[in-house]
Each structure stands twice: as C-alpha cells, then as structure tokens.
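The values are calculated or read from the model by the stated rules, or taken from the named source; none is laboratory data. Note that the structure is a prediction, hence the values are computed from the model and not measured. Glycine also receives a Cβ, built like all others from the backbone with ideal geometry; neighbour counts cover every protein chain displayed.
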Amino acid sequence: MAQAKPNSRTSLKIGAGVVIAALWFTLVPAFHVRPLNAARMHEETFDAHTAARRFWQQELLSREDRAVIVDDLLAQLSADAGAESRLGRRPGIGGDYLFLVRGRGVLEQLDSKGATLKLEASDARVTVKTGPLFGNALRDVTGTFDLAAHTSIDANALSSALNLIAETEAQPPLRQMATGSHVKFVGVGVLENRDGGKKLKVTPIRVELSE
C-alpha cells in the first residue's frame, strides 16, 4: 500500500506551532505556585526577638500599674464564682484564665521550679516560676496580640521569645534571693488545680526586693 504523503499545509501549521512554543518559553519566564504563608515570609520575615522586646516594654511592663493586686484577686476568687471572667482573660475556649497580677510577699521556699511567697497582706501563698517557661501566657494576657494577623509559626515564635526574656531577666534576681527576703513582683497568674484546690502560679515579668 502506498504511504500517504503529508499535507504541506498541515506541515506548515505544525512548524509554526513549534516556533511559537519555543518563543513563548524563551521570552516568558516560568512561574511557580507558592503557598500564601511562604509568600508572606518571603516578602517580610517576622523578627520574633525584636517584636518580643517591643511587646515586653509596651504591653507588659507599661501595664504594671493596672495589674490586679494578687491579695485582692485571691479574695475575690474565693468569694465570687464569676470573678475569673471579670478579672481575668481566657484566650481560648476551655483554656485557663490569665491574670496580670502584682504583689508583695516573703520568700519561704526556693527551688529550681518555683519560689513560694507568703503574701504580706494575707496568709495566702503563691508560686513564682523559676524554671523553664512554656506556653503563651505572656503573649495572651493583655489580649493585644492579633493572632489573625500572624501565622501560627510567628505567634509561637513570639511566645518563645517572650518566655526567654522572662527566663533571662525576670527570674535571675529571684533565684539569687535568700529565704526570708521581702519580694515585690509583677507577672501573669494562672490558677492550677493542685492538692485538692486551686493554686496561683505566676510567670514573672518583674521581680525585685521590696523596701
């Protein structure tokens, strides 16, 4: 059987298509699909340490005078079931209430995990953390950090950087104090179920000897 000869018009069309395709890939650069988070990070890298330092100064230390006195907090929590929601902040459904607190106490016991303080204005006791810090208490206590405007990676990085500031600046003075010292503190309090009752544990923001 004789082989059909290719149509010259068809050959011209094929040749033209090849030339156009070659010119397209030569003149138009290839593009890549990039996830939104990756694109954002490419355009602007989040500096967690700088953000944490600014947050520490502007959102935590600056609110010291507005912190609830810890003796008053404990008294109201004992007397009023609604005091937690009125005086604290709950960043997530089912999470712990956070309280920005300040107070004075006498150092009764100190170890690698915490310092037990007997409050000067009452017989109540609180624990100020002296060990490694985790979680988002420092970031979330004021409610000023906009989670919706940041990636989860950036939000977690900010929490870690804030915890590091507390570990390196707020905790060391407390770890060097002797039992019997009169201590003044500011921090983030969280109620924890312990020994059949609720105990207040404080992540420190500022700790110093009381005059």
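Numerical summary
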{"item": "Members of segment 67-85 that are modelled with pLDDT under 95 and under 22 Å from the mean Cα position of the chain (by Cα)", "result": "Glu84, Ser85"}
{"item": "Every residue from segment 112-123 that is within 14 Å of Leu174 (Cα to Cα) and modelled with pLDDT under 95", "result": "Ser112, Lys113"}
{"item": "Any hit, segment 121-134, residues being over 22 Å from Glu167 (Cβ atoms) and crowded, with 18+ Cβ neighbours inside 10 Å", "result": "yes"}
{"item": "Those helices (runs of 4 or more DSSP H) lying entirely in segment 118-204 with at least 2 residues within 18 Å of the chain's Cα centre (by Cα)", "result": "137-140, 152-165"}
{"item": "Residue in segment 186-193 that is modelled with pLDDT of 95 or more and farther than 29 Å from Ala81 by Cα present", "result": "no"}
{"item": "Segment 38-54 residues that are assigned to a helix (DSSP H, G or I), paired with ones that are modelled with pLDDT of 50 or more and polar (S, T, N, Q) (beta carbon under 8 Å, 6 or more apart)", "result": "Arg40/Thr151; Met41/Thr151; Ala48/Ser160"}
{"item": "Condition check for Ser181: at pLDDT below 95 and hydroxyl-bearing (Ser, Thr, Tyr)", "result": "no"}
{"item": "Candidate set from segment 55-76 (those that are in a helix (DSSP H, G or I) and in contact with a Phe, Trp or Tyr (Cβ under 9 Å, 6 or more places away or on another chain)); member that is nearest to Leu158 (Cα to Cα)", "result": "Phe55"}
